[in-house]
Amino acid sequence: MTAQQRDMIDQILRHAPFDPAGDVAAQRPLLEQMLTSQPLPADVRVTPGDLGGVPVIYIDIADVEPRGTLFLIHGGFFALGSAAGDVGLASSLARKTGMRAVSVDYRLAPEHPYPAALHDVTAAYRALLEQADADHVVVWGESAGGNLAVELLIAGKKEGLTMPAAALLFSPMTDLTASGSSITGKAQADPAFGARAIRARAADYLAGADPADPLVSPIFADLSGLPPLLIQAGSHEVLLDDATRLAAKAAADDVAVILDVTPGVPHVFQAFAALLDEGDAALNRAARFVQDNTTAQKAAA
């Protein structure tokens with residue numbers, strides 16, 4: 001059934017009323033409605049809180065004693081999305097890993113351009129380290145959140161923050177110059193968005209900053225010293241090169257990295273795991289990566 005499932009997801013995205021390049025005031029509620037349209041399982045517990053003065057949402061599975069924390073940074077081109085919008089995805093991986101998830105509500109552009117979001121996720125991560133053992137923390141970002149996840153690690157390394165056990169990146173947006181060949185090469189295959197949205201939202205976030213600055217485009221950064229990375233992407237997304245080039249840069253900088261590309265699926269396809277076999281299978285691989293790295297850290301300690 002996977003071909004039919006892929007076609008269904010493709011059609012859902014192509015006919016969605018959401019326009020990622022549109023006015024943010026109009027698009028934010030549309031995206032939120034899309035992301036929260038499915039009811040959560042009855043055993044998912046959602047608790048608002050804050051870390052380092054930054055609003056967060058804690059996501060727990062009832063009757064599960066968490067073995068660690070997934071520190072989740074949501075996507076949305078730096079201008080859209082919310083911590084609440086990622087609760088469904090977060091609860092799916094929390095269940096598969098036996099961990100708690102915490103989703104960060106960082107400030108959004110254009111009201112709060114770079115470096116506000118990076119400051120927020122760094123402050124929240126620093127506060128989490130006061131409560132949790134870094135060996136049992138996995139930083140996780142999807143789309144623009146994948147960018148912020150890598151930049152958090154780069155900034156944290158410079159600040160002397162303890163690195164997490166690993167980092168998990170779903171369809172990361174890593175090149176705000178939009179120079180990857182997949183921006184045009186995958187334009188017809190990608191049902192969700194294209195170069196117009198990337199450039200519009202990047203401009204909101206950058207507010208005049210250089211898009212080739214390593215502090216906003218991690219493919220241009222020194223990645224040495226980062227923890228193990230798992231990068232997952234779909235072959236039907238314009239950001240495919242953002243994932244593959246980040247993996248190549250990490251490998252060149254001596255970072256343990258796994259590049260996991262699923263054919264025929266779109267951007268952050270794992271969010272459709274309930275409808276798409278490939279999405280569920282990718283979450284299973286992500287869960288194994290999380291468990292392998294947190295278990296290995298525990299054993300080493």
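The values are calculated or read from the model by the stated rules, or taken from the named source; none is laboratory data. Since this is a predicted model, take the numbers as computed values, not measurements. Backbone-built Cβ (ideal geometry, glycine too); neighbour counts: all protein chains shown. Ligands, DNA and RNA are excluded from the accessible area calculation, which covers all protein heavy atoms including side chains. Shrake-Rupley method; radii C 1.70, N 1.55, O 1.52, S 1.80 Å.
Can you give the Kirkwood hydrodynamic radius for region 225-301, in Å, rounded to one decimal and based on Cα pairs?
On the way: mean 1/r = 0.0748 Å⁻¹.
Its Kirkwood hydrodynamic radius stands at 13.4 Å.
Counting heavy atoms of the protein chains only and a 1.4 Å probe, report the per residue accessible area for region 133-227 as a whole number of Å². Please report the intermediate quantities before stating the final value.
Working: 2950 Å² over 95 residues.
Ligands and nucleic acids excluded, the figure is 31 Å² per residue.
Beyond 35 Å, what share of the Cα-Cα pairs of the chain remains, rounded to the nearest whole percent?
Working: 4273 of 45150 pairs.
Of all Cα-Cα pairs in the chain, 9 percent lie more than 35 Å apart.
Sort MET173, MET34 from largest to smallest accessible area, using a 1.4 Å probe on the heavy atoms of the protein chains. Could the numbers behind the result be given before it?
Working: MET173 0, MET34 70 Å².
Ranked list, largest accessible area first: MET34, MET173.
Relative to the Cα centre, what is the charge dipole magnitude of region 164-257, using +1 at the beta carbon of each Lys and Arg, -1 at the beta carbon of each Asp and Glu, and rounding to the nearest 20 debye?
Working: 6 positive and 11 negative charges, 57 e Å.
Here the size comes out at about 280 debye.
Ordering GLU130, GLU151 by accessible area with a probe of 1.4 Å, largest first, what comes out?
Working: GLU130 155, GLU151 5 Å².
Heavy-atom accessible area, descending, gives GLU130, GLU151.
Calculate the spin-label point distance for THR177 paired with ARG199, positioning each point 7 Å from the Cα along the beta-carbon direction, and give it in nanometres.
1.6 nm
Defining a contact as two alpha carbons under 8 Å apart and six or more residues distant in sequence, what relative contact order in percent does region 192-299 show? Please list the in-between numbers first.
Values: 115 pairs, mean separation 24.9, N = 108.
For region 192-299, the relative contact order is 23 percent.
Accessible area of the chain with a 1.4 Å probe: how many percent of it is carbon plus sulfur?
Numbers: 6350 of 11770 Å².
Reported share for carbon and sulfur atoms: 54 percent.
Sorted by accessible area (1.4 Å probe), largest first, how do ASP86, ASP135, ASP277 line up?
Working: ASP86 10, ASP135 45, ASP277 80 Å².
Sorted descending by solvent-accessible area, the residues read ASP277, ASP135, ASP86.
About the Cα centre of region 48-134, how large is the charge dipole given +1 on each Lys and Arg Cβ and -1 on each Asp and Glu Cβ? Please answer in debye to the nearest 20. Could you put the intermediate results ahead of the total?
Working: 6 positive and 10 negative charges, 45 e Å.
The dipole magnitude comes to about 220 debye.
Describe numerically, in nm with one decimal, the distance between label points set 7 Å from Cα along Cα→Cβ at THR184 and at ARG285.
2.9 nm
Assuming R0 = 30 Å, what is the FRET efficiency of ALA21 and HIS119, from their Cβ-Cβ distance, to the nearest 0.05?
The computed FRET efficiency comes out at 0.70.
I'm a student and want to see the number: the projected area of the Cα convex hull of region 77-131, averaged over all directions, in nm².
Working: hull surface 16.8 nm².
Its Cα hull, projected and averaged over all orientations, spans 4.2 nm².
Using the basic label-point model (7 angstrom from Cα toward the beta carbon), what is the ASP7 to THR162 distance in nanometres?
5.2 nm
If you take every DSSP beta bridge whose two residues both sit in the chain, what share of them, in percent to the nearest 5, is antiparallel?
Numbers: 12 of 37 bridges.
Bridges in the chain are about 30 percent antiparallel.
Please report the Cα spread of region 154-301 along all three principal axes, rounded to whole Å, starting with the longest.
Sorted largest first, the three principal extents are 48, 39, 24 Å.
Of the lysine pairs in the chain, how many meet both conditions: Cα atoms under 24 Å apart, and a spacing of 8 or more in sequence or different chains? Intermediate results must be reported in sequence, preceding the final value.
Details: LYS96/LYS298; LYS157/LYS249; LYS157/LYS298; LYS158/LYS249; LYS186/LYS249.
Pairs that pass both the separation and distance tests number 5.
Considering the options SER181, GLN131, PRO214, tell which one lies farthest towards the positive end of the dipole of region 116-219, charges being +1 on Lys and Arg and -1 on Asp and Glu at the Cβ, about the Cα centre.
SER181
Per the helix-only calculation at 222 nm, which mean residue ellipticity applies to the chain, given -39500 (n - 2.57) for every DSSP H run of n ≥ 4 and division by its residues, nearest 500 deg cm²/dmol? Mind dumping the intermediate values first?
Numbers: 9 runs with 119 residues, N = 301.
After summing the helix terms and dividing by residue count, I get -12500 deg cm²/dmol.
Would you compute the Debye intensity of region 143-236 from its alpha-carbon atoms alone, equal scatterers and no solvent, and pass along log10 I(q)/I(0) at q = 0.14, 0.18, 0.21 Å⁻¹ to two decimals?
The computed values of log10 I(q)/I(0) come out as -0.54, -0.86, -1.10.
Relative contact order of the chain: what whole-number percent is it, with Cα pairs under 8 angstrom and at least 6 residues apart?
Working: 618 pairs, mean separation 54.6, N = 301.
With pairs under 8 Å counted, the relative contact order is 18 percent.
Rank SER103, PHE269, PHE18 by how far each Cα sits towards the positive end of the charge dipole of the chain (+1 on Lys, Arg Cβ; -1 on Asp, Glu Cβ) and give me just the farthest.
Checked the options; the winner is PHE269.
Counting heavy atoms of the protein chains only and a 1.4 Å probe, report the per residue accessible area for region 237-301 as a whole number of Å².
Values: 2750 Å² over 65 residues.
Result: 42 Å² of accessible area for each residue.
Can you give the accessible area of HIS119 in Å² (nearest 10), computed on protein heavy atoms with a 1.4 Å probe?
The accessible area comes out at roughly 110 Å².
Any idea what the dipole of the chain comes to, in debye rounded to 20, about its Cα centre with Lys/Arg Cβ at +1 and Asp/Glu Cβ at -1? The partial results should precede the final answer.
Values: 21 positive and 36 negative charges, 36 e Å.
Charge dipole, the chain, about its Cα centre: 180 debye, nearest 20.
Might you work out the accessible area of THR244 for me, using a 1.4 Å probe with all protein chains in place, and round it to the nearest 10 Å²?
Here the accessible area works out near 40 Å².
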